[in-house]
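The values are calculated or read from the model by the stated rules, or taken from the named source; none is laboratory data. Because the structure is predicted, anything quoted here is derived from the model rather than measured. Cβ atoms come from the backbone with ideal geometry, glycine included; neighbour counts cover every protein chain shown. Each accessible area value is taken on the protein alone, full model and side chains, heavy atoms only, with ligands, DNA and RNA left out. Shrake-Rupley method; radii C 1.70, N 1.55, O 1.52, S 1.80 Å.
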Amino acid sequence: MFDIAIDQDQPITEFYAELTSGAAALVDGEPDPIANMANIAALIWQYVPELNWAGFYRVIDDELVLGPFQGKTACIRIAIGSGVCGTAAATGKVQRVADVHAFPGHIACDAESRSELVIPVFKGSVLLGVLDLDSPLPERFGSADEAGMIALVEAIANNLG
Ligand code: SME
């Protein structure tokens, strides 16, 4: 339905620029946050290699609640401050974890996960939730992935809540 084709064989900065353009096009003109999160999770899952989970947790009544995602079934509710996602929500800061086994309080939804990147999703000053990416590879996410995903989230956050 959407004609988005992203070249995976290009330098990572260009790859993320293209992914961000695709994400912005997907949510353009659509106000429903769940529909948009679902399509963004699918877009990331389709094009970002070496992931075993990609999706959103939403802030609802002061906790994180599972939102649209791709991957295996996952924990439904996470307390703010708990695990990698809860830490991103509590601090408002990106969590890039090279080895989740070394992260105090990491919540192992999928025992295969070895590294994780969590981006807080803000609409203005309001925390809507987090984007969570998991990989079965240790140290999967570098600084370019972090910068690329931050830019992607910033480009679409107004249509996620
Ligand atoms: N590992 C996460 C929990 C969410 S799942 O990986 C989908 C955490 O510690 O926050």
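Some observations on this one:
- Residues in segment 128-137 include at least one that is among the small types (G, A, S) and more than 25 Å from D32 (Cα to Cα).
- Residues in segment 113-130 that are among the hydrophobic types (A, V, I, L, M, F, W, C) and either within 11 Å of the ligand (Cβ to nearest atom) or free of Cβ contacts under 8 Å to residues at least 60 places away in the same chain (or both): L117, V118, I119, F122, V126, V130.
- Pairs where the first residue, in segment 35-53, is under 15 Å from A5 (Cα atoms) and the second is part of a helix (DSSP H, G or I) and of a type outside the set (V, I, T), C-beta under 7 Å, 6+ apart: N39/L26; I40/A23; I40/L26; L43/G22; L43/A23; L43/L26; Y47/L19
- Residue that is in contact with a Cys (Cβ under 9 Å, 6 or more places away or on another chain), more than 19 Å from A144 (Cα to Cα) and not charged (D, E, K, R), where the choices are L64, L26: L64
- Among (1) within 20 Å of A17 (Cβ to Cβ); (2) in a strand (DSSP E or B), the one test that G129 misses: (1)
- F141 vs. criteria among the hydrophobic types (A, V, I, L, M, F, W, C), in a loop (DSSP other than H, G, I, E, B), at pLDDT 95 or above and under 26 Å from T13 (Cβ atoms): yes
- The set of residues in segment 88-121 that are touching a helix residue (DSSP H, G or I) at 6+ places or on another chain (Cβ under 6 Å), open to solvent by 40 Å² or more (accessible area, probe 1.4 Å) and more than 22 Å from E50 (Cα to Cα) contains only G105.
- Output for segment 93-112, where each listed residue is near the ligand (Cβ under 10 Å from one of its atoms) and modelled with pLDDT of 95 or more: Q95, V97, V100
- Number of residues in segment 13-37 that are over 17 Å from the mean Cα position of the chain (by Cα) and of a type outside the set (S, T, Y): the value is 7.
- Restricting the first member to segment 61-75 and to residues that are among the basic types (K, R), and the second to residues that are assigned to a loop (DSSP other than H, G, I, E, B) and open to solvent by less than 40 Å² (accessible area, probe 1.4 Å), the beta-carbon pairs closer than 8 Å and six or more apart or on different chains are K72/N52; K72/D110.
- Members of segment 67-87 that are within 8 Å of the ligand (Cβ to nearest atom), open to solvent by less than 50 Å² (accessible area, probe 1.4 Å) and not β-branched (V, I, T): G71, A74, C75, S82, G83, C85, G86
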